[in-house]
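Beneath this line is the structure, given in structure tokens, with notes to follow.
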Amino acid sequence: MEVISIGLLGLGTVGSGVVNIIENHQDKLMHQVGCPVKIKKILVQDLTKIRHVQVESSLLTSDPDEILLDNDIDVVIEVMGGIEETKNYIIKALQEGKHVVTANKDLMALHGSELLTVASKSGCDLYYEASVAGGIPIIRTLVDGLASDRIVKMMGIVNGTTNFILTKMSQEGRPYEEVLKEAQELGYAESDPTADVEGLDAARKMTILATLGFSMKIDLEDVKVSGISQISDEDLLYGKQLGYTMKLIGLAHRDGEKVEVSVQPTLLSNRHPLASVQNEYNAIYVYGEAVGETMFYGPGAGSLPTATAIVSDLVAVMKNMRLGVNGKNAVTPQFEKRLKEEDEKFSKYFLRLHVKDEVGVFAEITSIFAKHGVSFEKILQLPIKKNEVAEIVLVTHQASSSEFQNILSILRDLSFVDEIKSSYRVEGSSVV
Ligand code: NAP
Ligand code: HSE
């Protein structure tokens, strides 16, 4: 090969990072693949926009076919985002015999298996390392590094925006809206940040991780999702007092042949290694039957970290080209999907509720939990003076999700319960 020609779809936050790395790491790329790497065309929407990187204006196009139908282009790097239109571009590129590297978790979570099938039928590579946890090579870790093990549990902080928001809210007491705006300005958030704050972005990433980690085709709708927009300052404060840190946690857990996958705000014991992961950083804790505990940490969003993963995928494609083994990577899932029922999912729970400040109320509440076989790790009652209301905050021992939901619906119907303010999963035991 004399030169590898790249077509880039998108020149925003991540696309600019890709241009930057390909230009600045040309020596290293040349050493690894034995020929220069050149960006031949870049698809954008607005040809007149001022860019974060300098590129010759002749490289820019608003016509996708200038890339997808160009016989000289070997690899298409997709960093434009979006789903339906982008899916069509990727299929067209693969059918034209071009290898594809993408950072698009929305697309891979929804249509990954279809696209991987098209890639393998076309004898092309489709790599997507940057789609989960930005600069952390977690996909390669699951596919190659831990290929010999049986993964039991993965817990991930896989959304940089929400981790940034929760860190700033709890450590600096800053308001949610202000920190979200900063995360957008720093390029961490999606163009519509609802996907970040409501947990959908993390759910897409957990769909990809669970599918690979459990070798089972997990669909996005299998993931139970809740986001961070309802978390109050009081919840963060009580969590802290009890020795926990609030994080948006993606959980993928296998018991026997059955799995559960969720994304939800979780109070983590301060002793848990994920509790110290701050700001836009991501981390994935992986427990394998043979390897035991492992954890992978790094920047989960942003221009250069994400571009690092993309260009590393590009190197993998180019090495495959040299060896003539493109399109032979994808492994189909080994197991049929089997999801846990609600009474098979176990966790500890935090609950905060407002009750009438009257004799016997506290005892009544504890007896409801006792009747359902759920015991407490911690419980406190604090008067809220102005309304003759008391606040009860408790952390349970392990309980099934169905039992806990039963208890919540009983509590909601009681006349002396004013309001159930919040409830969260709890992971690990605090030291307090
Ligand atoms: P971005 O800053 O919004 O950039 C998107 C780029 O694609 C822009 O250059 C835009 O053109 C171009 N584009 C969008 N729709 C197009 C269309 N229909 N036709 C032609 N060009 C189009 O997005 P980003 O943050 O770089 O993210 C790109 C992808 O990477 C997304 O899938 C995202 O989920 C993923 N990702 C992002 C990060 C991150 O930290 N930002 C991390 C991991 C993965 P104009 O510039 O002309 O508008
Ligand atoms: N919006 C995403 C995040 C970008 O905040 O993690 C990286 O996928």
Checklist line | Test for LEU274: is it in contact with a Leu (Cβ under 7 Å, 6 or more places away or on another chain), assigned to a helix (DSSP H, G or I) and within 16 Å of ligand 2 (Cβ to nearest atom) | finding: yes
Checklist line | Failed condition for SER148, given (1) more than 13 Å from ligand 2 (Cβ to nearest atom); (2) not in a loop (DSSP other than H, G, I, E, B) | finding: (2)
Notebook entry, point to check: Under 6 Å by Cβ, and 6 or more places apart or on different chains, what pairs join a residue from region 300-313 that is under 14 Å from VAL158 (Cα atoms) with one that is near ligand 2 (Cβ under 10 Å from one of its atoms) and polar (S, T, N, Q)?
Noted result: GLY300/ASN282
Check: Across region 185-199, which residue is farthest from GLU129 (Cα to Cα) among those that are within 11 Å of ligand 1 (Cβ to nearest atom) and either of a type in the set (Asp, Glu) or assigned to a helix (DSSP H, G or I) (or both)?
Finding: ASP192
Checklist line | strands (runs of 3 or more DSSP E) contained entirely in region 375-432, each with at least 3 residues that are surrounded by fewer than 18 Cβ atoms within 10 Å (Cβ to Cβ) | finding: 376-384, 417-427
Next item on the list: Of the conditions (1) more than 16 Å from ligand 2 (Cβ to nearest atom); (2) farther than 20 Å from SER312 by Cα, ASP106 clears all except one; give me its number.
Entry: (1)
Notebook entry, point to check: When region 280-300 is examined, which residues are found to be at pLDDT below 95 and closer than 27 Å to LEU237 by Cβ?
Noted result: GLU280, GLY300
Margin query: Among the residues that make up region 317-340, is at least one of them touching a His at 6+ places or on another chain (Cβ under 6 Å), under 30 Å from MET216 (Cβ atoms) and charged (D, E, K, R)?
Written below: no
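To keep it simple, each residue is scored yes or no on (1) assigned to a helix (DSSP H, G or I); (2) touching a residue at least 12 places away in the same chain (Cβ under 8 Å); (3) within 11 Å of ligand 2 (Cβ to nearest atom).
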residue	(1), (2), (3)
GLY112	yes, yes, no
ALA133	no, yes, yes
VAL143	yes, yes, no
ARG174	no, no, no
VAL179	yes, yes, no
ALA183	yes, yes, yes
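Residues in region 160-172: is at least one farther than 23 Å from GLU234 by Cβ and either within 16 Å of ligand 2 (Cβ to nearest atom) or in contact (Cβ under 8 Å) with a residue 40 or more places away in the chain (or both)? Write out each step before concluding.
Applying the first criterion (farther than 23 Å from GLU234 by Cβ) to region 160-172 yields 160.
If we keep only those that are either within 16 Å of ligand 2 (Cβ to nearest atom) or in contact (Cβ under 8 Å) with a residue 40 or more places away in the chain (or both) too, we end up with 160.
The answer is yes; a qualifying residue exists.
Any residue in region 281-288 that is within 16 Å of ligand 1 (Cβ to nearest atom), surrounded by 14 or more Cβ atoms within 10 Å (Cβ to Cβ), assigned to a strand (DSSP E or B) and aliphatic (A, V, I, L, M)?
From region 281-288, those within 16 Å of ligand 1 (Cβ to nearest atom) are 281-284; that's our starting set.
Then keep just the ones that are surrounded by 14 or more Cβ atoms within 10 Å (Cβ to Cβ); that gives 281-284.
When the remaining residues are screened for being assigned to a strand (DSSP E or B), the result is 281-284.
Those left that are additionally aliphatic (A, V, I, L, M): 283-284.
There is at least one residue in region 281-288 that is within 16 Å of ligand 1 (Cβ to nearest atom), surrounded by 14 or more Cβ atoms within 10 Å (Cβ to Cβ), assigned to a strand (DSSP E or B) and aliphatic (A, V, I, L, M).
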Item checked: Single unsatisfied condition, ALA316 versus (1) modelled with pLDDT of 95 or more; (2) in a helix (DSSP H, G or I); (3) under 29 Å from HIS253 (Cα atoms) -> (3)
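Which residue out of SER170, SER232, SER191 is over 25 Å from GLU341 (Cβ atoms) and in contact with a helix residue (DSSP H, G or I) (Cβ under 6 Å, 6 or more places away or on another chain)? Reasoning before the result, please.
Details: SER232 fails: in contact with a helix residue (DSSP H, G or I) (Cβ under 6 Å, 6 or more places away or on another chain); SER191 fails: in contact with a helix residue (DSSP H, G or I) (Cβ under 6 Å, 6 or more places away or on another chain).
Sole residue among the options that is over 25 Å from GLU341 (Cβ atoms) and in contact with a helix residue (DSSP H, G or I) (Cβ under 6 Å, 6 or more places away or on another chain): SER170.
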Next item on the list: Mind listing whichever residues of region 200-239 are away from ligand 1 (no atom under 16 Å from the Cβ), free of Cβ contacts under 8 Å to residues at least 60 places away in the same chain, farther than 21 Å from ARG174 by Cβ and assigned to a helix (DSSP H, G or I)?
Entry: ALA210, GLU221
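The values are calculated or read from the model by the stated rules, or taken from the named source; none is laboratory data. What you are looking at is a predicted structure, and each value in this text was computed from that prediction instead of being measured. Because the Cβ atoms are built from the backbone with ideal geometry, glycine has one as well, and the counts that use them run over all protein chains shown.
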